[in-house]
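The values are calculated or read from the model by the stated rules, or taken from the named source; none is laboratory data. The shown structure was predicted, so the numbers you read here are calculated from the model rather than taken from an experiment. Don't worry about glycine lacking a Cβ; one is built from the backbone with ideal geometry, like all the others, and counts go over all protein chains shown. Quick note on the areas: whole protein, heavy atoms, side chains included, nothing else; ligands and nucleic acids left out. Shrake-Rupley method; radii C 1.70, N 1.55, O 1.52, S 1.80 Å.
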Amino acid sequence: LFLNVAARNDWTSTVEKENRRILYPSASVSFLPMTAFQGLESNVLNYLKVRAGIGNSAGFPNPYSTRNILNQSARGWLNSSGAAVQTHSVDNFLGNPNLLPERIQETELGLEGRLFKNRINFDLTVYRRDTRNLITNSPLDPATGFTSTAINVGKLRNDGIELTLGGNVMKRGAFAWDVNVNYSRNRPIVMDLGGTIQQVQVTGFGSALGNYAIVGRPFNMILGNGFRRNEKGEFLIDSQGYLQATATPIELGDPNPQFLSGLNNTFTYRGFALDFLITCRHGGAMYASTAGALMGRGMIDTGFDRAQTLIFPGVKADGTPNDIQITASDVTFNNLYFFGDEGRVFDGSTVRLQEVSLSYSIPKKVLAKLPFKGASVSLTGNNLWYRALYMPKDLNFDTDNLGLGVGNGLGFEFLTGPSSRRMGGTLKLNF
């Protein structure tokens, strides 16, 4: 039985003085029943470990998040005589002197074991991570003189599970085949936004499209302009035969994957080793501007005959079924994909050949007359193939491409470049 306890004290300079000191403790306990009690080990169960832990930590804002700053440029522009003119302007970011550090507490339970003479191993972890005073940038009305500020937005809870299962599938002489499977699922739920606030835009564009924190919903929900429907779920059609847009943002999808999984195979034979890893992202909404722009302009297959007119299924203002024909370009460009937010949201499920590696360890007898204790050569490739299962088939879209840069945003792509394959070789020498 093992017990570990710890305490950490931090001082930070990125918040105001009264909030700078933070103390957070942690503790973990693990138990090995098969070494504590004789007779538990068998041909089936060879090793077992039970563990539990609780930990606390903190996250701190970027420098100057609590202060307004002045932008200065020694060469803002040149005047008519060619002299440099200095410029001074108040930054668009509004400092928040009341900003607090994030407080994070995680509780974890785990179970590890080995079976059948150590040929199979497993590791199961379940956890809950609560984050209070979550720091995020919030847009502001430009009429205030600023465009964004940093705020603390209540409490975020992550419930998750991670499972790894591996072992030896086959061993015949010098040949061996080992397999490792992993599964992970994380659900981030907004528990509270403080006071009576029920919704905060985490990152976005204008007054509608963006990621939102909504009480009781997964963090980073994608909201934007959708298509109006009646109580039966039927589209509402205007006098031109067009879909009508909602007056306020609606939920378009949850960008958080339902789960992630991976399958790794390792084959070894007389110094050769071949590894390949296949990963899968299941679910998770993706706002894809590339798909919307190309399908809206008819540059990739939209799934219907563009030489024909079409009629949107739905009802007109008087409640009668829609019977107004519109052209294919009106369907894609003026309704579904180019100007609408809802039409650009796709299921981000993706299968990927994440990595392949082939290596060879040179036998020591070959190196006997050389000044090396060991040598190996390997060839590797990353991101060699992928398939986004529910994206347009001609697009070859990579769901790992994100258009929001570093930050809390998730699930947005804005005409990004293609992803890259990486290939390389390694020569390793041991002296």
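In segment 191-210, is there at least one residue being assigned to a strand (DSSP E or B), open to solvent by less than 20 Å² (accessible area, probe 1.4 Å), among the hydrophobic types (A, V, I, L, M, F, W, C) and at pLDDT 90 or above?
So the first thing to find is which residues in segment 191-210 are assigned to a strand (DSSP E or B), and the list is 191-192, 199-204, 210.
Retained after the next criterion (residues that are open to solvent by less than 20 Å² (accessible area, probe 1.4 Å)): 200, 202, 210.
Next, only the ones that are among the hydrophobic types (A, V, I, L, M, F, W, C) stay: 200, 202.
Subsequent filtering for residues that are at pLDDT 90 or above retains none.
No, segment 191-210 contains no residue that is assigned to a strand (DSSP E or B), open to solvent by less than 20 Å² (accessible area, probe 1.4 Å), among the hydrophobic types (A, V, I, L, M, F, W, C) and at pLDDT 90 or above.
So the check is Cβ under 7 Å with 6+ separation or different chains; which pairs have a first residue in segment 3-23 that's basic (Lys, Arg) and a second one that's surrounded by 10 or more Cβ atoms within 10 Å (Cβ to Cβ)?
Matching pairs, first to second residue: ARG8/TYR24; ARG20/THR12.
When you scan segment 41-53, do you find a residue that is of a type outside the set (D, E, K, R), open to solvent by less than 90 Å² (accessible area, probe 1.4 Å) and under 30 Å from GLY194 (Cα atoms), even just one?
Our first condition is that a residue be of a type outside the set (D, E, K, R); within segment 41-53, this holds for 42-48, 50, 52-53.
Next, only the ones that are open to solvent by less than 90 Å² (accessible area, probe 1.4 Å) stay: 42, 44-48, 50, 52-53.
From what is left, the residues that are under 30 Å from GLY194 (Cα atoms) are 53.
Yes; the residues of segment 41-53 include at least one that is of a type outside the set (D, E, K, R), open to solvent by less than 90 Å² (accessible area, probe 1.4 Å) and under 30 Å from GLY194 (Cα atoms).
Is there a residue in segment 113-120 that is out of contact with any helix residue (DSSP H, G or I) (no Cβ under 7 Å at 6 or more places or on another chain), surrounded by 15 or more Cβ atoms within 10 Å (Cβ to Cβ), among the hydrophobic types (A, V, I, L, M, F, W, C) and part of a strand (DSSP E or B)?
Applying the first criterion (out of contact with any helix residue (DSSP H, G or I) (no Cβ under 7 Å at 6 or more places or on another chain)) to segment 113-120 yields 113-120.
Filter again for surrounded by 15 or more Cβ atoms within 10 Å (Cβ to Cβ), leaving 113-115, 120.
Those still in the list that are among the hydrophobic types (A, V, I, L, M, F, W, C) too: 115, 120.
Among the residues that remain, those that are also part of a strand (DSSP E or B) are: 115, 120.
Within segment 113-120, one or more residues are out of contact with any helix residue (DSSP H, G or I) (no Cβ under 7 Å at 6 or more places or on another chain), surrounded by 15 or more Cβ atoms within 10 Å (Cβ to Cβ), among the hydrophobic types (A, V, I, L, M, F, W, C) and part of a strand (DSSP E or B).
Please list, ordered by first then second residue, the pairs with beta carbon atoms under 6 Å, 6 or more apart or interchain, first in segment 81-104 and under 30 Å from SER57 (Cβ atoms), second open to solvent by less than 50 Å² (accessible area, probe 1.4 Å) and acidic (Asp, Glu).
PRO97/GLU16
Pairs only if they're at least six apart or on different chains, beta carbon under 8 angstrom, first in segment 374-390 and in a strand (DSSP E or B), second of a type in the set (Phe, Trp, Tyr); list them, first residue then second.
SER376/TYR360; VAL377/TYR360; SER378/TYR360; ALA388/PHE346; ALA388/PHE397
Name every residue in segment 242-270 that is open to solvent by 40 Å² or more (accessible area, probe 1.4 Å), of a type in the set (Val, Ile, Thr) and under 24 Å from GLY340 (Cβ atoms), in order of residue number.
First pass over segment 242-270, keeping only residues open to solvent by 40 Å² or more (accessible area, probe 1.4 Å): 242, 244-245, 247-251, 258-260, 263-264, 267-270.
Still in the list and also of a type in the set (Val, Ile, Thr): 248, 250, 268.
Within segment 242-270, THR248, ILE250 qualify.
When segment 304-318 is examined, which residues are found to be part of a loop (DSSP other than H, G, I, E, B) and open to solvent by less than 70 Å² (accessible area, probe 1.4 Å)?
Here is the first cut: in segment 304-318, the residues part of a loop (DSSP other than H, G, I, E, B) are 304-309, 311-313, 316-318.
Scanning segment 304-318 gives PHE304, PHE312, LYS316.
Suppose the filter is open to solvent by less than 60 Å² (accessible area, probe 1.4 Å), out of contact with any strand residue (DSSP E or B) (no Cβ under 8 Å at 6 or more places or on another chain) and of a type outside the set (Phe, Trp, Tyr); does ALA83 pass it? Give the derivation first.
Values: open to solvent by less than 60 Å² (accessible area, probe 1.4 Å): yes; out of contact with any strand residue (DSSP E or B) (no Cβ under 8 Å at 6 or more places or on another chain): yes; of a type outside the set (Phe, Trp, Tyr): yes.
Against the criterion (open to solvent by less than 60 Å² (accessible area, probe 1.4 Å), out of contact with any strand residue (DSSP E or B) (no Cβ under 8 Å at 6 or more places or on another chain) and of a type outside the set (Phe, Trp, Tyr)), ALA83 qualifies.
Hey, can you tell me all the residues within segment 10-35 that are in a strand (DSSP E or B) and either closer than 26 Å to ILE151 by Cβ or open to solvent by 80 Å² or more (accessible area, probe 1.4 Å) (or both)?
Taking segment 10-35 first, the residues in a strand (DSSP E or B) are 10-11, 21-31.
Residues satisfying the conditions are ASP10, TRP11, ARG21, ILE22, LEU23, TYR24.
Any chance segment 87-100 includes a residue that's among the acidic types (Asp, Glu), loosely packed, with under 13 Cβ neighbours inside 10 Å and closer than 29 Å to SER138 by Cα?
From segment 87-100, those among the acidic types (Asp, Glu) are 91; that's our starting set.
From the residues that got through so far, the ones that are loosely packed, with under 13 Cβ neighbours inside 10 Å too are none.
The answer is no, given that none of the residues of segment 87-100 is among the acidic types (Asp, Glu), loosely packed, with under 13 Cβ neighbours inside 10 Å and closer than 29 Å to SER138 by Cα.
Can you confirm whether segment 348-357 contains a residue that is modelled with pLDDT under 95, surrounded by fewer than 18 Cβ atoms within 10 Å (Cβ to Cβ) and more than 30 Å from ALA174 (Cβ to Cβ)?
no
For THR125, all conditions in the list (1) over 18 Å from ARG67 (Cα atoms); (2) surrounded by fewer than 14 Cβ atoms within 10 Å (Cβ to Cβ) hold save one; what is the number of the exception?
Exception for THR125: condition (2).
Taking into account only those residues within segment 128-163 that are surrounded by fewer than 17 Cβ atoms within 10 Å (Cβ to Cβ) and among the β-branched types (Val, Ile, Thr), which is farthest from the chain's Cα centre (by Cα)?
THR144
Which one is surrounded by the most Cβ atoms within 10 Å (Cβ to Cβ) among residues in segment 272-291 that are farther than 18 Å from VAL351 by Cα and more than 21 Å from the chain's Cα centre (by Cα)?
Out of the qualifying residues, it is ALA273.
Please enumerate the residues belonging to segment 207-251 that are acidic (Asp, Glu) and free of Cβ contacts under 8 Å to residues at least 12 places away in the same chain.
Filtering segment 207-251 for residues acidic (Asp, Glu) gives 231, 234, 238, 251.
Result: GLU231, single match.
Just one of LYS428, LYS393 is of a type outside the set (Asp, Glu), in contact (Cβ under 8 Å) with a residue 24 or more places away in the chain and touching a Ser or Thr at 6+ places or on another chain (Cβ under 9 Å); which is it?
Numbers: LYS393 fails: touching a Ser or Thr at 6+ places or on another chain (Cβ under 9 Å).
After ruling out the rest, the residue left standing is LYS428.
Can you say whether GLU234 is touching a Leu at 6+ places or on another chain (Cβ under 7 Å) and acidic (Asp, Glu), as far as the supplied structure shows?
So GLU234 fails the test.
For residues that are touching a residue at least 40 places away in the same chain (Cβ under 8 Å), aliphatic (A, V, I, L, M) and within 30 Å of ALA6 (Cα to Cα), tally how many sit in segment 30-68.
Total satisfying the criteria: 5.
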